[in-house]
Amino acid sequence: DATDITLTMAGVIATRANRTDDALKLFELAVKKNPYNRDGLRNLAATYYGREKYAEMFAPSQKLVDIDPNNY
């Protein structure tokens, strides 16, 4: 059973390999497993943005701001 960190890292690798659909699924799974995973939330929002799914990117972005307001 993969951890949220493993899923996030796999999503990053998928992104670098231009497998955006796979990356999106991996980031979604990571955040589902751990809703407080900052890297997962940031990458999920960025992937939604890159796919021009602007409405979907707001929930993970807001969650990230809520849990870590001082982060860039």
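At a glance:
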item	result
Residue within segment 32-42 that is closer than 22 Å to I67 by Cβ and free of Cβ contacts under 8 Å to residues at least 12 places away in the same chain present	yes
Among the residues listed as L24, L41, the single one being under 17 Å from T3 (Cβ atoms), at pLDDT 95 or above and either in a helix (DSSP H, G or I) or open to solvent by less than 70 Å² (accessible area, probe 1.4 Å) (or both)	L41
Of the criteria (1) part of a helix (DSSP H, G or I); (2) closer than 19 Å to L7 by Cα; (3) open to solvent by 30 Å² or more (accessible area, probe 1.4 Å), which one P35 fails	(1)
Filter result for D1 (in a helix (DSSP H, G or I), without any contact (Cβ under 8 Å) to a residue 60 or more places away in the chain and among the acidic types (D, E))	no
Segment 57-72, subset charged (D, E, K, R) and closer than 23 Å to T6 by Cβ, residue least open to solvent (accessible area, probe 1.4 Å)	D68
Those residues of segment 1-21 which are among the hydrophobic types (A, V, I, L, M, F, W, C) and open to solvent by 80 Å² or more (accessible area, probe 1.4 Å), in sequence order	I5, M9, I13
Residue tally, condition under 19 Å from K53 (Cβ atoms) and either of a type in the set (K, R) or assigned to a helix (DSSP H, G or I) (or both), over segment 8-21	8
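The values are calculated or read from the model by the stated rules, or taken from the named source; none is laboratory data. Treat the numbers as computed from the prediction; the structure is a model and nothing was measured. Reconstructed Cβ throughout: ideal geometry from the backbone, glycine too, with neighbour counts over all protein chains shown. Each accessible area value is taken on the protein alone, full model and side chains, heavy atoms only, with ligands, DNA and RNA left out. Shrake-Rupley method; radii C 1.70, N 1.55, O 1.52, S 1.80 Å.
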